[in-house]
1. What per residue convex hull volume, in Å³, comes out for the range 27-71 when only alpha-carbon positions are used?
2. I want the local charge near Glu50. Using Cβ-Cβ distances under 15 Å, sum +1 for each Lys or Arg and -1 for each Asp or Glu among the other residues.
3. Defining a contact as two alpha carbons under 8 Å apart and six or more residues distant in sequence, what relative contact order in percent does the range 36-86 show?
4. What list of ³J(HN,Hα) couplings, whole Hz, do you get for the range 57-68 from phi and the Karplus terms 6.51, -1.76, 1.60, once you set θ to phi - 60° and write x for glycine and proline?
Amino acid sequence: MRSVGAMPAADHTASESDFVMKKWMLSPREKACLRWIARGRTVAEIASLEGKSLADVESCLQIALVALKAKSIKEALQKADHSESD
């Protein structure tokens, strides 16, 4: 059993319901980074706001992309149900 926040395993046969479950496996930090991006913040601003390094924020966003099987931040925001004008 995976712990909350663990990265989902790659599964090429995942159903839509599996995707929905994996979407919620983003860590609180990954969700926060996506929320900041959705509100128009830059990676540097997010790092400052969250008290993290640029590398930490970039890593969180990369992990979110992989977890959501997104090819871009815009696609990740759509999959995570965030709007850019939020």
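FYI, it's all coordinate maths here, none of it is from the lab. As the structure is a computational prediction, the values presented were derived from the model and not from experiment. Cβ placement follows ideal geometry from the backbone for every residue including glycine, while neighbour counts extend to all protein chains displayed.
1. On the way: hull volume 2.9 nm³, N = 45.
Each residue corresponds to 64 Å³ of Cα convex hull volume.
2. On the way: positive: Arg29, Lys31, Arg35, Arg39, Arg41, Lys52; negative: Glu30, Glu45, Asp56, Glu58.
That works out to +2.
3. Details: 39 pairs, mean separation 20.2, N = 51.
Answer for the range 36-86 is 40 percent.
4. Going residue by residue, I get 5, 4, 5, 4, 5, 5, 5, 4, 4, 5, 4, 8 Hz, with x marking Gly and Pro.
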